[in-house]
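Have a look at the structure below before the remarks.
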Amino acid sequence: MSAHAAPPCPPAADVAVVGAGAAGLATAIFAAEAAPGARIVVLEGAAKIGAKMLVSGGGRCNVTNAVVTAADFNGVRPIVRNVLAAFGVDATIAWFTSLGVELKREETGKLFPAANTATAVVQALVARCLVLGVTLATGCRVAAVGRGDAPGMLRVHHAHGALDASRVVMATGGRSLPKTGSDGAGWEIVARLGHTVTAPHQALVPLVFTAGAPFAALAGISHPAELATFAHGKLLDRRAGSLLWTHAGVSGPVVLDASRHWVIAAAAGARPELRLSLFGDEDFAAVDRRLLALARERPKLSLARALAASVPERAAATLVRVGAALEPATPIARLTREERRRAVHALTALPLPVERPRGWNYAEVTAGGVPLAEIDQRTMASRVVPGLHLVGEMLDCDGRIGGFNFHWAWATGHVAGRAIARWLRAAGCKGD
Ligand SMILES: Cc1cc2nc3c(=O)[nH]c(=O)nc-3n(C[C@H](O)[C@H](O)[C@H](O)COP(=O)(O)OP(=O)(O)OC[C@H]3O[C@@H](n4cnc5c(N)ncnc54)[C@H](O)[C@@H]3O)c2cc1C
């Protein structure tokens, strides 16, 4: 979204930010606020700014969460912790207020713009850039970054020429939703400069079942569930939350959060197993005891009715039918010990027939990217290329669902922007 005709990209600047997504815009704003007059150019490959933000959070942009800790991220925890310490939730809320965007907190802890639309966020970020004199050069896809002619300068090669800057910020995102412009090209650019790029994988992505999986009747139903991901018999991840059955497989917050573990293990050839339990806080033995007691107290009660008291009836019925080959209408007292145990197994540890993640067009975020060890967490500066900084999703850090990925974008942008401003001031940059 840009309300103005994109200015041409100038040949020189103090700071060049590659990518006008959440992290790139935040970096430019924080740098410009702390180094007034600095020449800051944001080069964006897409024709318009904000495509991904506009579709995020169901079009409402879940910008952060009431509680954000390093445990909400997959990444090197001490580094994540330090970045979050530099720009926490209160600072984020205050920052949005300063941009004119009031936030409201929902019951889940997610924070959204009070206006209930992502447009408010994109417009505020763009407006702030313009007020601060940041040049937003859209339609300006960057192909490479190299050395400039003058010592200490970097040269950004883009669709319309080249731009020399003393600081270059890579904010090109990951690979999710490539039609928005985030297609992983930024990693190729930094890899050519000597950075490592950990293989990117789809994360926060719905999972697709093998063809003909017998769960179609549940499509559209959601309920609380616990998911455990195993590979080679080892538990990789266990979490609870809301699960949504879809026509193709499963989705919903608990699936999206678990998906990265399944996807990464599958890519490593581990044949991971995703096991579903309808009884999150009760194990096999507890559920077995419960059914046994019910069989004594109310022998005529059907298996389906017995389960309905504590778990969603339709899901439970399908699980015992599919996973235990039992008729849910069977009175529980009639079940043999072996049948009862089969039913309990289907209800507490049913392997789901996952075939694959749904695809990059449905993945909300990317797992993988430039290792955090290759940046200085106090400045987001590259430890490989002097003058280069890296922010946002292109780093090897992905958050769970709930506003954490945007928080990472703002926080890394804050750390980089403020550090760059300090550097510009120390270097005596006065701008134009
Ligand atoms: C459907 C969807 C919903 C989401 N909802 C939420 C949510 O509600 N809350 C949340 O926290 N997270 C959400 N996310 C994740 C969140 O959007 C991302 O983690 C976040 O946008 C990452 O910000 P970024 O600036 O690092 O990268 P991006 O937002 O991907 O921005 C990168 C920018 O760089 C540009 N670019 C790429 N390559 C080049 C190049 N070579 N030259 C020039 N420009 C380039 C791209 O066009 C893009 O504008 C969602 C993601 C998706 C896909």
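Every number here is computed from the coordinates shown, using simple stated rules; none is lab data. On a predicted model such as this, the values are computed, not experimentally measured, just so you know. Reconstructed Cβ throughout: ideal geometry from the backbone, glycine too, with neighbour counts over all protein chains shown.
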Subject >> Rg and Dmax of region 206-358, Cα atoms only, in Å >> reply: 15.4, 49
Original post:
Per residue, how much space in cubic angstrom lies within the convex hull of the C-alpha atoms of region 1-117?
Top reply: 142 Å³
**OP:** Counting only DSSP beta bridges with both residues in the chain, tell me the antiparallel percent, nearest 5.
**Re:** 75 percent
Original post:
Can you pull the semi-axes for region 149-226, root of five times each eigenvalue of the Cα gyration tensor, sorted largest first, whole Å?
Top reply: 43, 13, 11
Original post:
Taking amide H positions as placed 1.01 Å from N in the peptide plane, with prolines and chain starts having none, which residues 5 or more places from V17, or on another chain, fall under 5 Å of its amide H?
Top reply: V41, V42, L43, V169
Original post:
With labels modelled as points extended 7 Å from the Cα through the Cβ direction, what inter-label distance (nm, one decimal) is found for A199 paired with R238?
Top reply: 2.8 nm
Original post:
Quick one: if you stick a label point 7 Å off each Cα along the C-beta vector at A144 and N82, how many nm between them?
Top reply: 3.3 nm
**OP:** Let me know the charge dipole size of the chain about its Cα centre in debye, to the nearest 20, where only the beta-carbon of Lys, Arg (+1) and Asp, Glu (-1) is charged.
**Re:** 620 debye
Original post:
Can you give the helix-only mean residue ellipticity at 222 nm for the chain, where every DSSP H stretch with n ≥ 4 adds -39500 (n - 2.57) and the sum goes over all residues, rounded to the nearest 500 deg cm²/dmol?
Top reply: -10000 deg cm²/dmol
Original post:
Taking θ as phi - 60°, what are the ³J(HN,Hα) couplings along region 348-359 by the Karplus curve (6.51, -1.76, 1.60), each to the nearest whole Hz, with x for Gly and Pro?
Top reply: 10, 7, 7, x, 8, x, 6, 9, 6, x, 6, x
Subject >> Ellipsoid equivalent to the chain - semi-axes via the Cα gyration tensor, in Å >> reply: 49, 20, 18
Original post:
Pulled fully out, how much extra length does the chain show between H157 and S310, if you take 0.36 nm times their separation in residues and subtract their Cα-Cα distance?
Top reply: 49.0 nm
Subject >> Size of charge dipole - region 361-432 - debye, nearest 20, with Cβ of Lys, Arg +1 and Asp, Glu -1, no other charges >> reply: 440 debye
Subject >> Amide proton proximity set for C397, modelled H, under 5 Å, gap of 5+ >> reply: G368
**OP:** Wrap a convex hull around the Cα atoms of region 302-422, take a quarter of its surface area, and give that in square nanometres.
**Re:** 11.6 nm²
Subject >> For the chain: lysine pairs under 29 Å (alpha-carbon distance), excluding those fewer than 8 apart on one chain >> reply: 7
Subject >> Cβ charges +1 (Lys, Arg) and -1 (Asp, Glu), total dipole of region 206-358, debye >> reply: 280 debye
Subject >> Amide hydrogen neighbours beyond the local backbone of T64, cut-off 5 Å, H modeled >> reply: L111
Subject >> Spin-label pair V131/A47, simplified geometry with 7 Å Cα→Cβ offset, distance in nm >> reply: 3.0 nm
